[in-house]
Amino acid sequence: MHEVHLERLDLNLLVALRALLAERHVTRAAARVGLTQPAMSHALARLRAVLGDPLLVRTRAGMTLTARAAELAEPLERVLGELSRLLAPPGAFDPARSSRTFRVATTDYVELVLMPAVLARVWREAPNVVVKLLPIVGRGVEDLDEGRVDVVLGPLGETERGSVLAQRLLSERFVCVVRDDHPAVGRRLSLERFLSLPHALITPRGERGSIVDTALAKLGERRRIAVEVPHFLVAPFLVEKTDVVLTLAERVARALAPSVRLRVLSPPRELDLPGFDISLVWHERDRADPAHAWFRGAIAGVARTL
């Protein structure tokens, strides 16, 4: 039995073979695939050696196919057709017909500020798409690397890895909120008044310390923390019923203020509170996936409106 070693086979020979089987003439076959006649003659010689068969033989009526060559014609067309489809670029993504699931690792900030509008846009275009929101838990990039999530939406620091790509979506700053009818706070918040008030502190990991305390320490000041809560969505409701002041992201405060009856104020001008960025982060392997690109585009499009 004549054994063919695929690892040594030049796939271009299959294209030449198809032309030879169709034309049954070396010169015409060469013209069909854009080769010179000597190059096609060389290809035929290599094919004969690989397949252990002459393939084309000369008769009085011209070149004719051997029985082996005739058997190859139909399966060769099928194989080359499958190979062409395999190597073709992916087709256009049709959101309206997709039922894909996208897994998003993110924070409660993003879930409140960004995701409602993102989901509304996604479902307008792709009503059968499923979105799973998962906590980052400090391992966003690792989850991308290991394929557990499709995108991460979180702080810019999540992008520090060569295997991931990132797009900054929005920048955020901090504000202070008090209840709308707070008896001791007017339309602005001085540092003196800020320090005299009891404070609520959001501690998602149960640890003391925050950017506010760091900024106050630079001024040689400390605040009185009256209550600690692990979730920032709970804290504004505590503010509404008490005299505490809470420092949190401005978009969260603006989103909750109308329904929770909060007054939004700028922090004391002496406090230098750095903001933060939210980025869309994804893995290099998904760069060219049309469905993934569409989902990223929907997220980025919504972020531009915020």
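Odds and ends about this structure:
- Exactly one residue out of 47, 112, 86 is buried (at least 16 other Cβ atoms within 10 Å of the Cβ) and farther than 30 Å from residue 202 by Cα, and it is 47.
- Options 239, 281; residue that is in a helix (DSSP H, G or I), touching a residue at least 60 places away in the same chain (Cβ under 8 Å) and surrounded by 15 or more Cβ atoms within 10 Å (Cβ to Cβ): 239
- Residue check for residue 104: surrounded by 12 or more Cβ atoms within 10 Å (Cβ to Cβ), in contact (Cβ under 8 Å) with a residue 12 or more places away in the chain and outside any strand (DSSP E or B): no
- Considering (1) modelled with pLDDT of 90 or more; (2) within 26 Å of residue 108 (Cα to Cα); (3) among the small types (Gly, Ala, Ser); (4) assigned to a loop (DSSP other than H, G, I, E, B), the lone condition that residue 215 does not fulfil carries the number (4).
- The test for being under 30 Å from residue 141 (Cβ atoms) and assigned by TED's automatic domain parsing to the domain that holds residue 102 holds for residue 292.
- Among the residues of the stretch 240-252, those identified as out of contact with any helix residue (DSSP H, G or I) (no Cβ under 6 Å at 6 or more places or on another chain), among the hydrophobic types (A, V, I, L, M, F, W, C) and at pLDDT 95 or above are 244, 245.
- Tally of residues being surrounded by fewer than 20 Cβ atoms within 10 Å (Cβ to Cβ) and under 11 Å from the mean Cα position of the chain (by Cα) across the stretch 295-306: 2
- Against the criterion of being touching a strand residue (DSSP E or B) at 6+ places or on another chain (Cβ under 9 Å), under 22 Å from residue 189 (Cα atoms) and either in a loop (DSSP other than H, G, I, E, B) or at pLDDT below 95 (or both), residue 272 does not qualify.
- Here residue 51 fulfils each of the conditions (1) among the aliphatic types (A, V, I, L, M); (2) modelled with pLDDT of 90 or more; (3) more than 30 Å from residue 150 (Cβ to Cβ) apart from (2).
- Residues of the stretch 89-101 classified as surrounded by 13 or more Cβ atoms within 10 Å (Cβ to Cβ) and either charged (D, E, K, R) or in contact with a helix residue (DSSP H, G or I) (Cβ under 6 Å, 6 or more places away or on another chain) (or both), total: 3
- The stretch 74-88, residues that are assigned to a helix (DSSP H, G or I) and without any contact (Cβ under 8 Å) to a residue 24 or more places away in the chain: 74, 75, 78, 81, 82, 84, 85, 86, 87
- Residue count, the stretch 32-73 (criterion: under 11 Å from residue 17 (Cα atoms) and outside any helix (DSSP H, G or I)): 2
- As a summary of the residue check, residue 131 satisfies the conditions (1) part of a helix (DSSP H, G or I); (2) crowded, with 16+ Cβ neighbours inside 10 Å except for the one numbered (1).
- Taken over the stretch 21-43, the residue count meeting the criterion of being out of contact with any strand residue (DSSP E or B) (no Cβ under 7 Å at 6 or more places or on another chain) and either closer than 20 Å to residue 71 by Cβ or β-branched (Val, Ile, Thr) (or both) is 8.
- Any chance residue 263 is of a type in the set (D, E, K, R) and either surrounded by fewer than 15 Cβ atoms within 10 Å (Cβ to Cβ) or not in a strand (DSSP E or B) (or both): no
- Some residue of the stretch 285-301 being farther than 30 Å from residue 125 by Cβ, free of Cβ contacts under 8 Å to residues at least 60 places away in the same chain and of a type outside the set (A, V, I, L, M): no
- Flag for residue 253 being within 18 Å of residue 174 (Cβ to Cβ) and aliphatic (A, V, I, L, M): yes
The values are calculated or read from the model by the stated rules, or taken from the named source; none is laboratory data. The structure displayed is predicted, hence computed values, not measured ones. In this analysis, Cβ positions are derived from the backbone assuming ideal geometry, glycine residues included, and neighbour counts consider all displayed protein chains.
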